[in-house]
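A quick write-up on the structure given underneath.
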Amino acid sequence: MNQLLNQDLQQLDNFLQEIKDYSVLFLSSVETLPVKAATASFENFDLPRKGMGAMHTLSQFRKRYEEHLAGNSGPRNWGFVTGGATIPAIAGDWLTSVFDMNASDRDIPPFKIETETISMLRQLFGLPDAFSGNFVTGATMANFSGLAIARQWLGKQLGVDVAQEGMAALANAKIVSCTPHSSSVKSMAMLGFGRNALVKIPALPDREAFDIEALKEYLLAHKGEPLIVLASAGTVNTVDFDDLQAIVALKKEYNFWLHVDAAFGAFAACVPEYKQLLDGWEEADSITIDAHKWLNVPYDAAMVFTRHLQLQLDTFKNVGAAYLGDPEKDFKYSNYTPENSRRLRALPAWFTLVAYGAEGYTAIVNNNIQLARQLGTLISESDAFHLLAPVRLCVVCFTLHVADEEKQAGIDAFLKALNDSGKVMMTPTVYQGVPAIRAAFVNWRTTEKDLTIAWEDMLQQAAGPTVEED
Ligand SMILES: *Cc1c(COP(=O)(O)O)cnc(C)c1O
């Protein structure tokens with residue numbers, strides 16, 4: 001054994017203690033670190049000829065990167081839809097690396113851990129047992145998986161095994177949506193549908209949800225053609241929900257596959273008041289739910305749920321690899337997921353679900369919704385900002401109260417100043433043609449104190465440029 005490898009093995013305890021101390025140091029300061037890392041330039045770093053060993057590598061890492069690390073998982077990262085990581089979730093993630101098991105095989109514990117976690121998640125979301133599920137790396141891959149199984153189903157309607165014979169029969173397949181997430185369109189590109197296969201149906205006035213009458217018209221005009229309806233349960237700008245019950249009713253009349261992207265909107269199921277937003281999703285064919293957003297586990301983790309296990313197998317099975325066994329007989333996750341070898345991605349979720357249970361998640365989700373609503377109220381009562389949509393769940397979509405022609409430049413300057421201040425982070429968007437800003441609340445650590453800190457900073461940055469002009 002190489003001398004350094006051997007030395008590190010002997011000093012395992014010391015080194016992991018050091019890593020633990022460093023982790024504690026970082027996690028206890030995450031609230032005060034700048035939310036967004038400042039851009040930095042780094043000198044080249046070449047592969048050392050002789051390595052440094054574990055302990056010096058940690059020092060080298062800290063020397064090189066520590067001052068550039070941001071509190072990305074802290075309570076005031078309101079950009080995109082960014083979750084934090086609960087303490088038990090971090091522990092589960094660490095242990096995933098410690099065990100370093102390939103979570104594919106039925107005969108070993110990782111399989112049980114994943115099926116058990118999926119079962120707890122079904123309970124958390126109130127999804128029927130008819131749904132099977134598995135972990136993937138994020139909602140992008142969950143959307144990819146759902147649409148891949150949908151593709152197999154479309155082929156089957158035409159008597160073609162697409163996984164075997166390719167896409168030729170589905171050259172005219174359409175994915176019908178109102179406000180799809182970009183990752184679904186990306187998945188269409190990856191799956192051979194092509195981005196042009198997207199058909200966008202108009203939204204209801206002032207909404208991001210299907211005009212159901214317009215959807216119905218489209219379905220009627222294209223009856224019998226291969227169609228996937230891609231519904232949103234929580235859009236990123238205004239957390240709008242498609243009327244899933246109405247879509248499910250149409251599904252009985254028109255034969256289509258229903259995929260629901262509920263990346264973070266699924267967590268509405270945790271709060272009785274908001275649960276009904278998801279009514280109907282239990283009839284979907286496939287569902288995407290992210291774990292590294294509102295479940296607050298570390299990157300990267302999400303789940304895809306489906307009620308079509310055989311089609312999923314037809315899509316993802318490994319064929320002709322004797323050493324992997326017979327995919328039809330031996331259940332292995334690698335025959336149901338894009339990845340073959342896969343880390344024990346379920347373990348962080350298992351830890352946090354057991355640690356906090358249904359009540360813990362109701363509390364996290366409720367707290368985030370209340371804070372988003374409070375920010376919405378502050379904005380709607382202020383002179384500096386203008387609320388662009390009602391706060392439906394955990395995202396506040398707003399703009400600056402300035403003339404239309406000044407909006408884009410104003411927002412660019414405001415967001416730069418705000419994000420550079422390091423206290424809070426938000427991201428730009430365009431909502432119904434209006435340049436806008438989003439603040440998304442999905443972190444377990446966020447409290448009213450954070451709202452106060454952020455609001456003061458927002459007012460200050462909004463006032464900033466005017467003061468300078470004077
Ligand atoms: C975040 C998000 C995605 C993409 O998820 P990743 O985890 O970034 O891959 C897809 N759909 C919706 C609605 C999302 O919010």
Answer with one residue from W94, I19, F42: the one whose Cα lies farthest towards the positive end of the charge dipole of segment 1-97, charges on Cβ with Lys, Arg +1 and Asp, Glu -1.
F42
Give a quick list of GluC sites (Glu not before Pro) in segment 268-358 that DSSP marks as loop, anything other than H, G, I, E or B, with at most 13 other Cβ atoms within 10 Å.
E273, E328
Could you rank K449, K317, K332, K36 by how accessible they are, 1.4 Å probe, largest area first?
K449, K36, K317, K332
Starting from the residue with the highest accessible area, list H401, H292, H222, H386 in decreasing order, probe 1.4 Å.
H401, H386, H222, H292
Using mean Cβ contacts within 10 Å as the protection proxy, how do 178-190, 4-16 order, highest first?
178-190, 4-16
Can you compute the charge dipole magnitude of segment 358-463 about its Cα centre, using +1 on each Lys and Arg Cβ and -1 on each Asp and Glu Cβ, nothing else charged? Give it in debye, rounded to the nearest 20.
340
Debye log10 I(q)/I(0) for segment 358-463, one point scatterer per Cα, at q = 0.16 Å⁻¹:
-0.67
Answer in debye to the nearest 20: the dipole magnitude of the chain about its Cα centre, from +1 Lys/Arg and -1 Asp/Glu charges placed on Cβ, is 1000
Using a 1.4 angstrom probe on the protein heavy atoms only, could you order D93, D326 from most to least accessible area?
D326, D93
Antiparallel bridges, percent of DSSP beta bridges restricted to segment 102-344 (to nearest 5)
45
Neighbour cut-off at most 12 other Cβ (10 Å), DSSP loop, trypsin sites (Lys or Arg not before Pro), segment 191-260
K223
Summarise the long-distance tail of P(r) for segment 102-344 by giving the % of C-alpha pairs beyond 26 Å.
35
Options Y431, S421, A372, ranked by Cα towards positive dipole end of segment 358-463, top entry (Cβ charges):
A372
A 1.4 Å probe over the protein heavy atoms gives the chain a carbon and sulfur accessible-area percentage of 53
Which value in deg cm²/dmol, rounded to the nearest 500, describes the helix-derived mean residue ellipticity at 222 nm for the chain, given -39,500 (n - 2.57) per DSSP H run of n ≥ 4 and division by the residue count?
-14000 deg cm²/dmol
In terms of the alpha carbon gyration tensor, root eigenvalues a ≥ b ≥ c, rounded if a/c is under 1.5 and otherwise prolate when a/b exceeds b/c or oblate, segment 54-196 is prolate
Express the accessible area of the chain per residue in Å², computed with a 1.4 Å probe while the remaining protein chains stay in the model.
47
Of A322, L347, G357, whose Cα points farthest to the positive end of the dipole of segment 317-359 (charges on the beta-carbon: +1 Lys, Arg; -1 Asp, Glu; origin at the Cα centre)?
A322
Given the chain reduced to its alpha-carbon atoms as identical point scatterers, what log10 I(q)/I(0) does the Debye formula return at q = 0.10 Å⁻¹?
-0.83
When the dipole is taken about the Cα centre of segment 159-222, and only Lys, Arg (+1) and Asp, Glu (-1) are charged at their Cβ, what size is it in debye, to the nearest 20?
180
Just to verify a number: what accessible area does L244 come out at with the full protein assembly present, 1.4 Å probe, Å² rounded to tens?
0
Measuring from centroid to centroid over Cα atoms, what is the spacing of segment 291-321 and segment 102-139 in Å?
9
Of K275/K449; K174/K200; K174/K223, which sit over 21 Å apart, Cα to Cα?
K275/K449
Considering only protein heavy atoms, what is the solvent-accessible area of D330 at a probe of 1.4 Å, reported in Å² to the nearest 10?
70
Reported to the nearest 10 Å², D206 has, with a 1.4 Å probe, an accessible area equal to 110
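The values are calculated or read from the model by the stated rules, or taken from the named source; none is laboratory data. No experiment lies behind these values; they were computed from the predicted model shown. Note: ideal-geometry Cβ built from the backbone for every residue, glycine included; neighbour counts use all protein chains shown. We work out accessible area using only protein heavy atoms, side chains counted, and drop any ligands, DNA or RNA first. Shrake-Rupley method; radii C 1.70, N 1.55, O 1.52, S 1.80 Å.
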